[in-house]
Amino acid sequence: MKRIYADNAATTPLSPTALEAMLPYFREQFGNPSSFYREGQLAKSAMEEARIKIASCIGADYKQITFTSGGSEADNQAHITAAALGRSQGQMHIISTAFEHHAILHPLKALEKEGFRVTLLDVHENGIVDVAELEEAIGEDTCLVSVMFANNEIGTIQPIAEIGAVCRKHGVLFHTDAVQAVGHLEIDVERMCIDMLSASAHKFHGPKGSGFLYARKGIRLRPLIAGGAQEKSKRAGTENVAGIVGMAAALTESNARMCEQNKHIAACRDALIAGLETIEHCALNGDREQRLPSNVSFCFEGIEGESLLLLLDDKGICASSGSACTSGSLDPSHVLMAIGRVHDVAHGSLRLTLGEDITKEEVDYIVQAVKEVVERLRSFSPVWRDLCTGKAKHLL
Ligand SMILES: *Cc1c(COP(=O)(O)O)cnc(C)c1O
């Protein structure tokens, strides 16, 4: 049976175009970009060409792109940079949100231990930051506002241009973790007043282990890795030439196809949402309108997300739940908690993130499969029995 890959927020398949673009750099063009002779210079010019292509996809200048090992590294570097700048100016306050990726939340925890004060904004029931609340939180000592472009679990898109305008007005640095948005949504760092932006190739059909950090002119990035003078001393280590070339090819392709593909994906998303909503006692997570074209996120009462995933896997569907079960923790997802789902409800979550090749038939198949599995799991769930007999109250 053909498997249905519906976990594109976790990673995406490598585009054949990107693979083709990368292959020469694994074979004959293996030179080190720092080497003086021809082979090295060929690698260097491929890398610089990639930088120009990537910059043009987000409305930036190539000088403002620094290559990293992925989204997590870019997020860490952005925060370390802003914190160092803040500390040097006596500004020790950082504003972010409660539902950021752990690559933001964990560095923030570390900065708190170093004396920074961190405000995590509420994202409300719809999973969207309130710009007025954000502005209210900005003080004289705020050195950074960091708000993700689109959430990786519930797919909600934040009012990035408005947030950028508010930060610019108050002279505060604005970083966005745009890992879920780059290659999927239109981005213009100038128009949106974005000072720093993180991206990761494997979320837009590029290779894993390759990403970039955009930093506006005038922001001197602090290196996380010390060593050679690569990336203008902002990131030591011999560059991942093939990964960088593959990332540029993937992003160029994704951006060119974005408009057309988003229409198709969004239509499939809406059909999937409509189908799943016919199941009783469930709810869509996150705003219906301001959401990624690919994202479907639900909570079902009376079931365990992990069991749901196992049974869907048996039916050939790759999906994910919001819960942190993979990390060995039984805590429900911080994202679902941030939008006000209670523990029990948050445990019954399901995230389906669609790719360009999804078909209407596959959507129908997923709806049918989820219906069957939810019904089966509920049939032997003590929690569900209590809900049905009135011992416990339905929340959805
Ligand atoms: C995947 C992801 C990351 C981490 O990116 P890596 O390249 O895997 O390190 C960070 N933020 C968000 C929103 C993501 O979805």
task: Please name all residue pairs, on different chains or six or more residues apart, with Cβ atoms under 6 Å, provided the first residue is in segment 329-355 and is surrounded by fewer than 17 Cβ atoms within 10 Å (Cβ to Cβ) and the second residue is of a type outside the set (A, V, I, L, M, F, W, C).
output: Gly340/Glu125; His343/Pro332
statement: Going through segment 41-66 in order, the residues found to be surrounded by fewer than 15 Cβ atoms within 10 Å (Cβ to Cβ) and either more than 19 Å from Glu190 (Cα to Cα) or in contact (Cβ under 8 Å) with a residue 60 or more places away in the chain (or both) are Gln41, Ser45, Glu48, Glu49, Lys63
- request: For residues that are at positive phi and out of contact with any Cys (no Cβ under 9 Å at 6 or more places or on another chain), scanning just segment 300-350, find the one that is modelled with the highest pLDDT.
  value: Gly316
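Yes or no, residue by residue, for (1) basic (Lys, Arg); (2) closer than 30 Å to Thr97 by Cβ:
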{"residue": "Asp331", "(1), (2)": "no, yes"}
{"residue": "Leu336", "(1), (2)": "no, yes"}
{"residue": "Glu361", "(1), (2)": "no, no"}
{"residue": "Asp364", "(1), (2)": "no, no"}
{"residue": "Gln368", "(1), (2)": "no, no"}
{"residue": "Lys371", "(1), (2)": "yes, no"}
{"residue": "Phe380", "(1), (2)": "no, no"}
{"residue": "His394", "(1), (2)": "no, yes"}
- request: Using the structure shown, decide if Gly40 is in contact with a Gly (Cβ under 7 Å, 6 or more places away or on another chain), assigned to a helix (DSSP H, G or I), away from the ligand (no atom under 16 Å from the Cβ) and farther than 25 Å from Gly183 by Cα.
  value: yes
query: Hey, among the residues in segment 208-266 that are over 14 Å from Ile54 (Cα atoms) and of a type in the set (S, T, N, Q), which one's nearest to the ligand (Cβ to nearest atom)?
result: Asn240
query: Which residues, taken from segment 59-84, are away from the ligand (no atom under 16 Å from the Cβ), aliphatic (A, V, I, L, M) and farther than 22 Å from Leu108 by Cα?
result: Ala60
message: Cβ contacts < 6 Å: first residue touching a residue at least 40 places away in the same chain (Cβ under 8 Å), restricted to segment 381-396; second residue of a type in the set (Gly, Ala, Ser), any location; separation 6+ or different chain. Result?
response: Ser381/Gly302; Val383/Gly302; Trp384/Gly302; Leu387/Gly302; Leu396/Ala283
- prompt: Out of curiosity, is Ala267 surrounded by fewer than 16 Cβ atoms within 10 Å (Cβ to Cβ), part of a helix (DSSP H, G or I), at pLDDT 95 or above and outside the structural domain of Val179 (by TED's automatic domain parsing)?
  reply: yes
field: Check on Asp357, assigned to a loop (DSSP other than H, G, I, E, B), within 27 Å of the chain's Cα centre (by Cα) and of a type in the set (D, E, K, R)
entry: yes
message: Suppose we filter segment 357-383 for residues that are at pLDDT 95 or above and surrounded by 17 or more Cβ atoms within 10 Å (Cβ to Cβ); how many remain?
response: 11
field: Qualifying positions in segment 130-172 - more than 16 Å from the ligand (Cβ to nearest atom), surrounded by 24 or more Cβ atoms within 10 Å (Cβ to Cβ) and either among the small types (Gly, Ala, Ser) or touching a residue at least 60 places away in the same chain (Cβ under 8 Å) (or both)
entry: Leu144
message: As an exercise: evaluate Arg269 against (1) in contact with a Leu (Cβ under 7 Å, 6 or more places away or on another chain); (2) within 16 Å of the ligand (Cβ to nearest atom); (3) over 19 Å from Ile52 (Cα atoms); (4) of a type outside the set (A, V, I, L, M, F, W, C) and give the number of the one condition it does not meet.
response: (2)
task: Could you grab me the full set of residues in segment 117-158 that are assigned to a loop (DSSP other than H, G, I, E, B), in contact with a helix residue (DSSP H, G or I) (Cβ under 6 Å, 6 or more places away or on another chain) and over 27 Å from Lys203 (Cα atoms)?
output: Ile138
statement: Those residues of segment 270-280 which are in a helix (DSSP H, G or I) and free of Cβ contacts under 8 Å to residues at least 40 places away in the same chain amount to Asp270, Ile273, Ala274
task: Give me the pairs, please: first residue somewhere in segment 67-78 and modelled with pLDDT of 95 or more, second residue anywhere and within 9 Å of the ligand (Cβ to nearest atom) and part of a helix (DSSP H, G or I), beta-carbon distance under 6 Å, and either six or more positions apart or on two chains.
output: Thr68/Ala74; Ser72/Ala103; Asp75/Ala103; Asp75/Ile104
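Each row is one residue, and each column tells you yes or no for (1) among the basic types (Lys, Arg); (2) at pLDDT below 95; (3) under 15 Å from Pro159 (Cα atoms).
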site	(1), (2), (3)
Asp177	no, no, yes
Ala181	no, no, yes
Asp188	no, no, yes
Arg191	yes, no, yes
Ser198	no, no, no
Phe204	no, no, no
Pro207	no, no, no
Ser210	no, no, no
Arg216	yes, no, no
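The values are calculated or read from the model by the stated rules, or taken from the named source; none is laboratory data. Fair warning: this is a prediction, and the values are worked out from it, not measured in the lab. Using ideal geometry, Cβ is built from the backbone for each residue, glycine included, and neighbour counts are taken over all protein chains shown.
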